[in-house]
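Undergrad: Pasting a structure here, questions to come.
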Amino acid sequence: MEKIIVLGTGSAGAIENYNTCFALENNSGEILLVDTGGGNGIIKQLRKADIDINRIHNIFISHKHIDHLFGLLWIYRFVEISIQKGKYEGKLNIYCYDEVAKIIRDQIHTLLRESQQQNLDKRIFINIINNHEKIKVLNYDLEFLDIKAKSDKQYGFKTILNNGKSFAFLGDEPLADELYEDVRNSEYLCHEAFCLETEATKFKPREKNHDTVKTASIKAQKLDVKNLILWHTQENLGKDRKNKYIEEAKENFTGKIYVPDDLEIIELD
């Protein structure tokens, strides 16, 4: 069965939770890694989730913010070592837009030794994507989407799962009006939810180009979404976060609501 392996759920300021990123696993057990968090904690999260680095051959990076991008350098380093030891089969493809591609390349050349750069453009490839471009990744036809972010440029994607259901991931900004028709009737919609509406005065999500649980769920209901996945959250509520977020979302959304914890698995049935 297809599933999401949630590696992190936290926003940029999270400490107890890892930054939001996940692995989409298809029916064949192949992995598409979506974002990588902000540091070497990604390696620990992968190990906790029982995802061998040698299984990762496709990575999508949504944008250049540190809490989504910097874990990639550690994955690159570990894959490079594995290749040199003869343990990594095939190639690693990284998908991102042009500005992110340049940052990744500059990081590799600046921060890693020459001996750790041997397979760049040989077995590790940085692939530049464009708005509405469709690319076959694993057995998914991904359509990449510029999400019309108000801060720095961001990309998401939509696809049809192996089970025939539609799936959309749209970065960490509120769903823009221009993308409504792209995600209308989605079976699964991944949406950021920085905090509860009742906490908006405290955390000021809209000033940071983020959404509350209430506004995210209102949009999902308006667009006839069936399953709403909320993450990229604050962690101030601790163990109460899941219940509080679901409670607020239910006031405005009648579909199924997921507020995952780090390392939780969501089965896409």
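Undergrad: List every residue pair whose Cβ atoms lie under 8 Å apart, where the two residues are 6 or more positions apart in sequence or sit on different chains, the first residue falls within region 112-141 and is on the phi > 0 side of the Ramachandran plot, and the second residue, located anywhere, is of a type in the set (Ser, Thr, Tyr).
TA: LEU138/SER28
Undergrad: I would also like to ask the following. So which residues in region 59-100 are more than 15 Å from ILE43 (Cβ to Cβ), out of contact with any Lys or Arg (no Cβ under 7 Å at 6 or more places or on another chain), part of a helix (DSSP H, G or I) and not hydrophobic (A, V, I, L, M, F, W, C), if there are any at all?
TA: Scanning region 59-100 gives ASP67, HIS68, GLN84, ASP98.
Undergrad: What pairs come out if I take residues in region 215-230 that are of a type in the set (Lys, Arg) and pair them with residues that are assigned to a loop (DSSP other than H, G, I, E, B) and at pLDDT 95 or above whose C-beta lies under 6 Å away, six or more apart or interchain?
TA: These pairs meet every condition: LYS219/LEU175; LYS226/GLU187; LYS226/GLY255.
Undergrad: Among the candidates GLY156, GLY171, which residue alone is of a type in the set (Gly, Ala, Ser) and not in a strand (DSSP E or B)?
TA: Details: GLY156 fails: not in a strand (DSSP E or B).
Every option except GLY171 fails the conditions.
Undergrad: Moving to a separate point now. Out of the residues in region 186-222 that are part of a loop (DSSP other than H, G, I, E, B) and surrounded by fewer than 19 Cβ atoms within 10 Å (Cβ to Cβ), state the one that is farthest from the chain's Cα centre (by Cα). It would help to see each step written out before you state the result.
TA: Step one: of region 186-222, the residues part of a loop (DSSP other than H, G, I, E, B) are 186-187, 193-194, 196, 204-205, 209-211.
Filter again for surrounded by fewer than 19 Cβ atoms within 10 Å (Cβ to Cβ), leaving 187, 204, 209.
Numbers: GLU187: 17, LYS204: 23, ASN209: 17 Å.
Per the stated criteria, the residue is LYS204.
Undergrad: How many residues does region 163-174 hold that are at negative phi and under 15 Å from the mean Cα position of the chain (by Cα)? Give the derivation first.
TA: Keep residues of region 163-174 that are at negative phi, which gives 163, 165-170, 172-174.
Then drop every residue that is not under 15 Å from the mean Cα position of the chain (by Cα), which leaves 167-170, 172-174.
Matching residues across region 163-174 total 7.
Undergrad: Additional query: Would you pick out the residues in region 174-185 that are in contact (Cβ under 8 Å) with a residue 24 or more places away in the chain, surrounded by fewer than 23 Cβ atoms within 10 Å (Cβ to Cβ) and either assigned to a loop (DSSP other than H, G, I, E, B) or not hydrophobic (A, V, I, L, M, F, W, C) (or both)?
TA: ALA176, GLU178, TYR180, ASP182, ARG184, ASN185
The values are calculated or read from the model by the stated rules, or taken from the named source; none is laboratory data. Please read all numbers here as calculations on a predicted model, not as lab measurements. Here the Cβ is made from the backbone with ideal geometry for all residues, glycine too, and neighbour counts use every protein chain on show.
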